[in-house]
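Got a structure for you, written out below as structure tokens; questions coming shortly.
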């Protein structure tokens, strides 16, 4: 079999089933019970914050935060567009630079203010937009299981081209760009790397027994040999900041490594949803996402860099979570003009 694809689902079906994908933090009420003392955060299924950090915000603000996580970032944006006349919540977190233009053009976001004292890392903001504010960023890169390769005396791959070598057949797991923001980021990286020949590159990956999952969680925790489960793929699409979290207890070397020559820089944003039932609470939650309390929690909970300049990082990041010196990059305007066509062409090349 030339391509393995896992957990495929219809975006429309996912949108119709959105209520089954909701979770509540600090509240057990349903959407009908949401009032001025509740703010609803729509996010992707990788969102994570320590209970004590969120508890501090709820105690200080008097608000209860209800989270709704309908899927990965790509799925989330699609559902926000489909439901924009009856918004899923008040605030969104997790729209990234590959999907930002779609959310802006669809009109699902309202203007909001950014905390005046917040100094963001340069180059992350969406030019001219007061509807999206950067919260975090990171490099989407392939990761390898160093122990797996060492045990077999097989050289680790280093470049995109290496993955098409028969020596690495059946070893790579990526995510679907139609449903996964890391998946789309990696697709965009290959567009920058190979230009008009990018479909040929993906055809060669497929011929080398590529596995495709719907989400980062499925690829990393199910397919990846170092993901803690029983995966069979020692090469996985993840982040440059993932390796520090694979350092075994009592040791100081990670069991994984990021391939820094395969990276695309991803930025994640927050925004207030147009038609929010609680816009004042939404603004307070945006402020919280930019606060030092939340920003300092980001690296340990979501494996990405905080967007607020000067936020302390975990000690191992300097050694084992460096950003790529020259990540692949495509302008938002080009992404916006070609995203849907790229996804359709990718699907026809890799899945169909």
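Since every read-out is calculated from the coordinates, none of them should be taken as a lab result. Keep in mind that this is a model prediction, so the values were computed, not measured. Cβ: placed from backbone, ideal geometry, glycine included. Neighbour counts: every protein chain shown.
Going by Cα centres, the stretch 142-188 and the stretch 34-113 are how many Å apart?
Comparing the Cα centres of the stretch 142-188 and the stretch 34-113, I get a distance of 31 Å.
Here's something else I'd like to know. On average, how much area does the Cα convex hull of the chain cover when viewed from any direction, in nm²?
Dividing the Cα hull surface by four gives the mean projection, 17.2 nm².
May I pose another question? Could you state the angle between the C-alpha long axis of helix 279-289 and the longest principal axis of the C-alpha atoms of the chain, as a value from 0 to 90 degrees rounded to the nearest 10?
Helix 279-289 and the main axis of the chain meet at about 40 degrees.
Please sort 113-123, 247-257, 315-325 by packing, taking for each peptide the average over its residues of neighbouring beta carbons within 10 angstrom, highest first.
315-325, 247-257, 113-123
Let me ask another. Give the relative contact order (percent, whole number) for the stretch 78-173; include only Cα pairs under 8 Å separated by 6+ residues.
Worked out over the stretch 78-173, it gives 15 percent.
Using a 10 Å cut-off on Cβ atoms, rank the peptides 306-314, 102-110, 231-239 from the highest mean neighbour count down.
So the order, starting with the most tightly packed, is 231-239, 102-110, 306-314.
Can you give me the angle between helix 332-350 and the longest principal axis of the chain, using Cα atoms only, in degrees from 0 to 90, rounded to the nearest 10?
So the inclination is approximately 50 degrees.
Under the rule a/c < 1.5 gives rounded, and otherwise a/b versus b/c splits prolate from oblate, where does the stretch 131-254 land using the Cα gyration tensor?
Taking the square roots of the gyration eigenvalues as a ≥ b ≥ c, the stretch 131-254 is oblate.
Looking at the chain only, what percent of DSSP beta bridges run antiparallel? Nearest 5 please.
Antiparallel bridges make up about 60 percent of those DSSP assigns within the chain.
Let me ask something else about it. On a 0 to 90° scale, report how tilted helix 292-302 is relative to the longest principal axis of the chain, with both axes built from alpha carbons and the result rounded to the nearest 10.
Its long axis makes an angle of about 30 degrees.
What percent do you get for the relative contact order of the chain when only Cα pairs under 8 Å and 6+ apart count?
Relative contact order of the chain: 26 percent.
If you don't mind, there's one more thing I want to ask. Please report the relative contact order for the stretch 184-330, taking Cα pairs under 8 Å with a sequence separation of at least 6, and give it as a percent rounded to a whole number.
26 percent
Ok, one more. Treat the stretch 117-203 as a sphere of radius equal to its Kirkwood radius over Cα pairs and apply Stokes-Einstein at 20 °C in a medium of 1.002 mPa s; give the translational diffusion coefficient in µm²/s, rounded to a whole number.
Answer from the Stokes-Einstein relation: 135 µm²/s.
If you count, for each residue, the other Cβ atoms within 10 Å and average over each peptide, how do 290-297, 38-45 line up from highest to lowest?
Ranked by mean Cβ neighbours within 10 Å, highest first: 38-45, 290-297.
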